[in-house]
Amino acid sequence: MSLGQGGSLNGFVPFPADNGWNLNIATAPVDPNSAAIINFIGGTAAVHADFGSGQYQGSTIGIPYVVVGAGQAPVAINFTAYGDESDPGPMPVPANAQIEGDPNPGTGDRHVLVLDNQNCWLYELYNSHPQGDGSWNADSAAVWDLLANEQRPYGWTSADAAGLSIFAGLARYDEVASGQIKHALRYTLIHSRAAIVPPASHWAANSSNANAAPMGMRLRLKASFDISKFSAANQVILKGLQQYGMIMADNGSNMYISGAPDDRWDNDDLHNLGQLTASDFEVVAMNPIYTQANLPSGAAPSIASFGASATSVSAGTSVTLQWQVSGASYLTVTPQVGAIRGTSVIVAPSGTTTYTLSATNQFGRTTSTVTVTVK
């Protein structure tokens, strides 16, 4: 992945081929309730590309991201709302990371997305505010292992309402220019109900109507829709919608599709996607659909041990933290370290520090601590 704001992924597709975002669902069955759901959305609701070049009303158009490398130091993330459902950090978020809506993000979602090309982690923050000491305040944040099939704990949000990765669903200029989008896109609808379809893990219901979408509902552009009248760039997007579809990720304007801002987008051309309406789509079969009544349950990860090679050292002395964990999808060590793979990490505390190991899977999180005293 190329470094910098909006850096090209150079063909890299986040997450494994069998991840929900990356499944080719061109031949998947249509949901038996598809027609009623589309009718509830409103068959004439027009598609809108919620991304582009330049600015609209003083803000960039789309959800930005930045690619950082090994030189980007991790910083603390201070949670202001959903800390109990967030990953604790630290995270390598630059002080000047572009916020959604920059240069005037205002009171919008203020997402910040950071990809680490050295370790293949993705960090996503919601309602993000940089602080003078280099840390960030955020309502919520999630870390994603770009090399694995991570599932947020059922019932947990992420930086997105559905508990999904945001970046995974963005339309990006670099992939359109390459001629192929190989993943589902992110979209919003006005109404949603208290239910989820995997890979979503969280709902933010505002409707009790049985035909309102559950978070994670996938729409697919009908194979019969003629894309040949559109530009080459738009045909790439439309072909992706026929092969991979788009996944409902948040409450918002109907049929708004998410993408990353890029000055190479042709806004007039993207506007032509508004010729599509909800009636040009069908709902891909939803099985399972989870509600509060049947939400899966199981065992959170087990931490058999978490210790330090020395628990009393001089300032700056290297100490190895080691652990034995089973059943975890991913691990974080706080402070100083952040997301980590493997069974050990070397730290060099400058003062007495209590380290917390967090092990997370789809059923919850388990933590353990060890204190290293600096003499």
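The values are calculated or read from the model by the stated rules, or taken from the named source; none is laboratory data. What you see is a predicted model; the values in this text were computed from it and never measured. The area values use the complete protein model at the heavy-atom level, side chains included, leaving out ligands, DNA and RNA. Shrake-Rupley method; radii C 1.70, N 1.55, O 1.52, S 1.80 Å.
Figures for the structure shown
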| quantity | calculated |
| --- | --- |
| Among 239, 182, 229: highest mean-square fluctuation, GNM of the chain, C-alpha pairs under 10 Å | 229 |
| Relative contact order %, the stretch 291-367, counting alpha carbon pairs below 8 Å whose residues are six or more apart | 36 |
| Built amide H within the under 5 Å cut-off of residue 245, gap 5+ | 221 |
| The stretch 63-128, accessible surface, carbon-and-sulfur percent (1.4 angstrom probe) | 44 |
| Gain in span if fully extended, residue 33 to residue 264, counting 0.36 nm per residue against the direct Cα distance | 79.2 nm |
| The stretch 1-112 - percent relative contact order, Cα under 8 Å, separation 6 or more | 26 |
| Overall dimensions of the stretch 265-367 by Cα: Rg and Dmax, Å | 23.2, 68 |
| In order through the stretch 324-335: 3J(HN,Hα) via Karplus (6.51 cos²θ - 1.76 cosθ + 1.60), integer Hz, x for Gly, Pro | 10, 9, 10, x, 9, 7, 7, 10, 9, 10, 10, x |
| Rounded Å value of the spacing that divides the Cα centres of the stretch 2-49 and the stretch 303-375 | 37 |
| Relative contact order of the chain, pairs being alpha-carbon contacts under 8 Å that are 6 or more residues apart, as % | 20 |
| Count, lysine Cα pairs under 18 Å in the chain, 8 or more residues apart or across chains | 4 |
| Euclidean distance of C-alpha centroids, the stretch 118-143 and the stretch 234-300, integer Å | 25 |
| Under-5 Å amide H pairs with residue 65, H placed in peptide plane, nonlocal only | 6 |
| Residue of 287, 267, 361 that the Gaussian network model of the chain assigns the largest fluctuation, springs spanning Cα pairs under 10 Å | 287 |
| Helix 232-243 vs. the chain, principal-axis angle (Cα, 0 to 90°, nearest 10) | 80 |
